[in-house]
Each structure stands twice: as structure tokens, then as C-alpha cells.
Amino acid sequence: VRTELEPVELEDGAAVPKEFANPTDDTFMVEDAVEAIGFGKFQWKLSVVTGLAWASNYAMEMMILSILAPQLHCEWRLPSWQVALLTSVVFVGMMSSSTLWGNISDQYGRKTGLKISVLWTLYYGILSGFAPVYSWILVLRGLVGFGIGGVPQSVTLYAEFLPMKARAKCILLIEVFWAIGTVFEVLLAVLVMPTLGWRWLLILSALPLLLFAVLCFWLPESARYDVLSGNQEKALATLKRIATENGAPMPLGKLVISRQEDRGKMRDLFTPHFRWTTLLLWFIWFSNAFSYYGLVLLTTEFFQAGDVCSLSSRRKEVKAKCSLTCEYLTEEDYTDLLWTTLSEFPGVLVTLWIIDRIGRKKTMALSFFVFSFCSLLLFLCVGRNVLTVLLFIARAFISGGFQAAYVYTPEVYPTATRALGLGTCSGMARVGALITPFIAQVMLESSVYLTLVVYSGCCLLAALASFFLPIETKGRGLQESSHREWGQEMVGRGSHSPEVTRSNSGSQE
């Protein structure tokens, strides 16, 4: 045990120096190298590639649901329950595969899991354009959802190459690519649907995935994953490549990991140290998706009625209608879709501004609270203009809270279970997305106010869950091993005992 290194604490907001990994040390870890190399050209390229995956494999394929369903409702004369099933089956596929993709990424590498999921989505996305009957498109869209469940692993790979100070901002900016993807999908539908039809829309929407599949060959495997799996030489080569592209020096010494361990084990999410965090995060992700997609469904109903009171009165007087009546999407409908999408930009900007100021936990709690408060204000039977403002504020904050969860989750789990942890959380979000149509559409038929109470109450509980999370990841490095005290890779060299830090790494020398 060596004790000659003295702890060094950085002032709040101070830049991590290039000599973060002490040049007098003869060992360093991946976290040290990532911080020493810093943010540069490599991370900019990685941002674009990750954003392309987010826009093409996630945003476009999700946005197409709101365009495809009414079109098939009219063209194939589908009853309403079959139209709803077209959306639900995608979420079923995502829910069933999220944990699987996380396990594959922890066992065989982040890049491997991401490539397979993208190619899977590309294949079945194109194939669904040739579906002859309803049953076939139902199965094929479910398989597309199965592939989309692997997209969150792009965030895992992305986060593991980002230095601490840039991590939150960069992951939040992925939401910009989500908005770009949805806007592009709507514009593509405007051009394609009137002339070529929905089949060509499905095929053309899948083609951007082909570009990402080609760019995957440029993507390196996560250095954190390589060093954890015992492949130090490959990890070192990756870090040297990043340092060369960024024009920054590499830390001196030998690359080490404190201790190798099994990867991708579900039981690791429920160790005494992470059990409470895992359960709270599952509820937070569930509430995020439940509220976000619920608001999307409710917005159309509210706008058609003009205000909540009119909607409530209309529900009491509604008469039975033929379930086969349908209306094709109009130019005004596409305009509304664009405005709804653009409303998420303010949420990203607000979250981007506060997440490093008040912390991840408080950011999520604030997002849930504002959404809940706006939902309760709808009880006042406000006019159309105020209704629009409240709905846009609610959507802005719930989408920003979703992105804060994407920042927090990869930060709180160690490398061995990071992809699995994010995958299971994503799976719980799909459970929320599956349930929310029954609240936003079925329960709405019985009681508008009870529906609003359910969403408001759920988000209030999620706000409390955010406060009770035991770990705040603001200003912390990514944890390499679950056998080290949380965050010790970053904070341990500053405020923890250096004896512990050096004795762990010294065991590998």
C-alpha cells in the first residue's frame, strides 16, 4: 500500500486538468484517461453518429406510428381496437427486448449489441413495407419494436467516451436529434403519402438506418468494456486513437482495472448497494413514459374539444359511432404534429441549463412536479390558448425529465452492469407506454378529471422517488467496478483515502 499521493480537490466548476492522471503514477484507469484526453474532435464525431442512431432508429420509427395507424384504419377498414394494437405491439417488442439488448451489450460489447439491433430494425422495417395483410404488419412492426429496444445502448456507448463535465450536456443534446428525426418523418410523410403511399413511407423511413450501419464500422468498442473484459491492449489502442484525434496527451503508466467481474448479471442490479436505486429508477422510467405518451394521446382529444370542460360534457352526451368511420390525415394534422414536436425544444434547453446546477435528482423531480402542476391546472376549465400553453409546458418538462433520466442512469451503474441497468429501465418505460392508452383513451371516456388525477398523482410520486434516490451523480465520474466505493474512480483520488484507491489498483500490477 502506497500512501505518498495526497488528495487533491477541484473547485466547483473548475476544469479537470490534463494531468488528471498523475504523471508520477505508474498506473491509470480508463476514467483517468478519458478525463485527461478531454472533449474534442472524436467526441464531436461520436455525437453525430449516436444522434443519427437516435433519430433514425428511434424517433422516426416511433413517429411513424401516429401516421401509419390512421392510414391503415381507412385503407384496410380496421376497427379501432386493431388500430390501437398497431401501436401497442411496437411497445411490446421494445419491452420484451430491452433487457436482452442490455445483457448482450454487457456480455459481448456495446458496439456489438448496437450493430445487431440496428440491422434487425433495418431488415424488418423494410420488410413491413411489403406486408400483405393486417396480421403480417402486426407481426413485422412488433419485430421492429424488438430491434428499437436496443437503441438506448447507443447512449451507454456514448456516455463511456465522455469526460465528466461534458457528459450531461452531450446526452441531453441527443434529444435534439430526436426532434430532428420526428420532424424529418413528418416532412417525409407529407411528400410520400399523397403519391407513393404508406408502404414506401415505411421503406424510406428505414433507409437512414443503412447509413448508420455503415458508420458502425468507424465506431470503436467502449474502452471501459474492453478493460473490464480483460482486453487492456485493445482498450489502450482505443484511448490512444482518441488522444491522437483530439490532439491531447495520454496519461503515463499502465492501464489497469481494480478487479475483473462477471458482466450483465441481473442479480447485480439488486445488490444491497443498488437495490433501492434500481427499484426507484424503474418507477421513474415507468412514470416518464406513462406520462409522456399519455400527454401525446390526450392533446388531440383536448384540442378537438377546445377545452377540458367541453370535452367532459361531450363525453356525457356522446352517442355510439361506427368503429369503421375514419378520416385521412390532412395538411393541418401534419402541421399540428410538427408543432407538437417542436414544443420539446424548450424542455431540452431548460434541462440543459439546470441539470449541472441543481443536480440530476432535483432536475427529474422538478420535471415531474411541473407536469403534475400543469395537469391539475386543467381542472380550471381554461380557454383554448391557456390550454395550449399548459400542454406545451407539460410536454416540455416531461420530455426534459426523460432526458435527465438518460443522463443519470448510465452514471449510477458500474461498467459491468451499465448496459443492463439502462436496458431494464427502458423496459419498464415500455410497460408505462403500454398501459397509458387505457388511461388516456379508455378511462377518458368515463371521466376526464379522474384521468388527469391519475397522471398528476403518478408524477407526484415519481417526483418523490427522484428525491429519495440514494446517489447524486452530479460531478462524479463513471464507476468502473461495483467492488469499489461508488464514484471512487473520480472522487476517490480527490476526497477519499488514497490508500484504498492505490491498494485496489496495485493488486493488478
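A few comments on the model shown:
- By accessible area with a 1.4 Å probe, ligands and nucleic acids excluded, highest first: order of D32, D26, D356: D26, D356, D32
- Measuring between their Cα centroids, the stretch 392-464 and the stretch 128-144 lie 28 Å from each other.
- V83 accessible area, assembled protein chains, probe 1.4 Å, Å²: 30 Å²
- Portion, in percent, of the accessible area of the stretch 25-252 that falls on carbon or sulfur, probe 1.4 Å: 72 percent
- As a calculated quantity, the FRET efficiency between V190 and K41 at R0 = 25 Å, using C-beta atoms, amounts to about 0.10.
- The amide H of T27, built 1.01 Å from its N in the peptide plane, has K254 as neighbours under 5 Å, considering only residues 5 or more places off or on other chains.
- Here the label points at V386 and L338, each 7 Å from Cα along the C-beta direction, are separated by 3.0 nm in the simple model.
- Each Lys and Arg adds +1 at its Cβ and each Asp and Glu adds -1 at its Cβ; summed about the Cα centre, the stretch 199-260 shows a dipole of about 100 debye.
- Each label point was placed 7 Å from the Cα along the Cα-to-Cβ direction; for M443 and C74 their separation is 3.2 nm.
- With a 1.4 Å probe rolled over the protein heavy atoms of all chains, the accessible area of H273, H73 falls in the order H273, H73, largest first.
- Simple Cβ-charge dipole of the stretch 25-252, Lys/Arg +1 and Asp/Glu -1, about Cα centre, in debye nearest 20: 520 debye
- A straight chain from F130 to V296 at 0.36 nm per residue would run longer than the Cα-Cα distance by 56.9 nm.
- Spherically averaged projected area in nm², based on the convex hull that wraps the Cα atoms of the stretch 25-252: 12.8 nm²
- Rounded accessible area of K361 (nearest 10 Å², 1.4 Å probe): 40 Å²
- Selected from L228, T87, L72, residue furthest toward positive end of dipole (the stretch 25-252; charges at beta carbon): L72
- Each of L173 and L207 was given a label point 7 Å from its Cα along the Cα-to-Cβ line. The distance between the two points is 2.8 nm.
- Using a cut-off of 21 Å between Cα atoms, the listed pairs K111/K234; K165/K361; K115/K165 include K115/K165 as exceeding that distance.
The values are calculated or read from the model by the stated rules, or taken from the named source; none is laboratory data. Note that the structure is predicted; figures quoted are calculated from it, not measured. Neighbour counts are summed over all protein chains in view; Cβ atoms, including those assigned to glycine, are modelled from backbone coordinates with ideal geometry. Note: areas computed on protein heavy atoms with side chains; ligands, DNA, RNA excluded. Shrake-Rupley method; radii C 1.70, N 1.55, O 1.52, S 1.80 Å.
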